[in-house]
């Protein structure tokens, strides 16, 4: 029997978010990842309260990251339609300054981008020192939608796992910290959210007929996600499979991972004299 937490961890204790991390080399079966699970907290009200405090803390840490100008963070969000990528950005990043955070959404490649390798357009959007960049969809589209729709030969997309791992290793060698989150939503929950977009006139702008067509390919996408998680969760850039049927839990855990990662850097404000020169 699963024993759930009540969110009553101490102020100096970390959430055991590693429970959601995909260990490198492990076998992944999507059906074994419960999208409705809340193993670290079963109190929605307290979880949302804690999430708000985490967002506030993230704002403080982002300012420190920007001021110290030594580290940078790349956050990758991947998931099916309605899994909450936009919502994650809106809630988790609610306390940060726009000056040091960029959100990038990769759309269908332009003709110019198609003339280059698939990672060309991605590298240009990675964060510089002091920045947090959030990829709302990312280079992983090239082993997901490209695979499911057969846009390139299988031998081409299969090579991309190794190419992505090499690319991310290059980024981390240069000081980038990569946090990758798979927003795991159930097919039934997706149906409810799509229906809500149809029923609410204020959400019609979010709905596209293509969302229904993509839903028909659910099983193909789940297989593609399994391979993505297995082949690209590495020591230097691990994946976290976040249960996302409960939006409040999704926001809580992702916020906690980001905050704990930043806190682990031991950042300090630079010492600056009155002339503006950095003092060693």
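Read the figures in this text as sums done on the coordinates, not as results from a lab. Since this is a predicted model, take the numbers as computed values, not measurements. Don't worry about glycine lacking a Cβ; one is built from the backbone with ideal geometry, like all the others, and counts go over all protein chains shown.
Some observations on this one:
- Think of it as helices only: each DSSP H run of n ≥ 4 in the chain is worth -39500 (n - 2.57), and spread over all residues that comes to -13000 deg cm²/dmol at 222 nm.
- Hydrodynamic radius of segment 126-280 per Kirkwood, over alpha carbon pairs, in Å: 18.5
- For segment 25-170, diffusion coefficient by Stokes-Einstein and Kirkwood Rh (Cα), 25 °C, 0.890 mPa s, µm²/s: 139
- Virtual paramagnetic centre 7 Å along Cα→Cβ of residue 158, amide N under 19 Å, in segment 122-148: 142-148
- If R0 equals 22 Å, the separation of the Cβ atoms of residue 34 and residue 220 corresponds to a calculated FRET efficiency of about 0.55.
- The distance between label points at residue 14 and residue 112 comes to 4.2 nm (points 7 Å beyond Cα on the Cα→Cβ vector).
- Measuring between their Cα centroids, segment 162-192 and segment 21-45 lie 15 Å from each other.
- Most to least packed among 203-210, 60-67 [average Cβ atoms within 10 Å]: 60-67, 203-210
- Mean Cα-pair separation over length for the chain, i.e. relative contact order, pairs under 8 Å, 6 or more apart, %: 33
- Length gained when the stretch residue 151-residue 26 is fully extended (0.36 nm per residue, less Cα-Cα span): 42.2 nm
- Alpha-carbon centroids, segment 91-130 and segment 199-227: separation in whole Å: 23
- Residue 209-residue 186 FRET efficiency (beta carbon distance; Förster radius 22 Å; 0.05 resolution): 0.50
- Candidates 269, 161, 221: whichever shows maximal mean-square fluctuation once the chain is modelled as a Gaussian network with Cα springs under 10 Å: 269
- Beta bridges by DSSP in the chain, antiparallel share as percent, to the nearest 5: 10
- Spin-label model distance (nm) - residue 56 vs residue 170, 7 Å beyond Cα toward Cβ: 4.2
- Within a Gaussian network of the chain (alpha carbon springs, distance under 10 Å), most fluctuating of 157, 248, 120: 120
- Max mean-square fluctuation residue, GNM over the chain, Cα-Cα springs under 10 Å, options 231, 107, 155: 155
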